[in-house]
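See below for the structure under consideration.
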Amino acid sequence: MSQEAVESTIQEFIKKELLDLGVEEDSITADARFDELDIDSLDVADLMTSIKRDYGVEIPRRDLVGITLGQLAERVVRERPAASA
């Protein structure tokens, strides 16, 4: 699978998780910043746990300050173990 395809898959995963947390679908874009989304710290912790479980990437919540959903997906692609995705 190409890096672009993996990144797209991860973006869809993040979108699904955010929808499950109650985020409005039209606010979930690659350019959306975490601090612009209507989620609290427990929601962020749930999302990070899901990413760690499914992709093997642990990202501290403090690293989410100021980054976009697209940047998060790029980081997961870079840091995931080769067998994930």
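The values are calculated or read from the model by the stated rules, or taken from the named source; none is laboratory data. These numbers were taken from a predicted model, which means no experiment stands behind them. A quick note on method: Cβ atoms are made from the backbone with ideal geometry, for glycine too, and the neighbour counts reach across all protein chains shown.
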*Find the residue count for the stretch 29-57, including only residues that are of a type in the set (Val, Ile, Thr), within 16 Å of Gly70 (Cα to Cα) and part of a helix (DSSP H, G or I).*
2
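Tell me, please, whether a residue that is small (Gly, Ala, Ser), surrounded by 12 or more Cβ atoms within 10 Å (Cβ to Cβ) and modelled with pLDDT of 90 or more can be found in the stretch 58-74. Break it down stepwise before answering.
If we filter the stretch 58-74 for residues that are small (Gly, Ala, Ser), which is where we start, we get 66, 70, 73.
Imposing the further condition that a residue be surrounded by 12 or more Cβ atoms within 10 Å (Cβ to Cβ) reduces the set to 70, 73.
From the residues that got through so far, the ones that are modelled with pLDDT of 90 or more too are 70, 73.
Checked the stretch 58-74: at least one residue is small (Gly, Ala, Ser), surrounded by 12 or more Cβ atoms within 10 Å (Cβ to Cβ) and modelled with pLDDT of 90 or more.
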*What pairs come up if the first residue lies in the stretch 64-81 and is within 14 Å of Arg53 (Cα to Cα) and in contact (Cβ under 8 Å) with a residue 12 or more places away in the chain, the second is among the aliphatic types (A, V, I, L, M) and surrounded by 15 or more Cβ atoms within 10 Å (Cβ to Cβ), and their beta carbons are under 7 Å apart, counting only those six or more places apart or on different chains?*
Val76/Ile10; Val76/Ile51; Val76/Val57; Glu79/Val57; Arg80/Val57
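Report yes if Val6 is part of a helix (DSSP H, G or I) and in contact with a helix residue (DSSP H, G or I) (Cβ under 6 Å, 6 or more places away or on another chain), otherwise no. Walk me through how you get there before you give the answer.
On the way: part of a helix (DSSP H, G or I): yes; in contact with a helix residue (DSSP H, G or I) (Cβ under 6 Å, 6 or more places away or on another chain): yes.
Considered against the rule, which asks whether it is part of a helix (DSSP H, G or I) and in contact with a helix residue (DSSP H, G or I) (Cβ under 6 Å, 6 or more places away or on another chain), Val6 comes out as yes.
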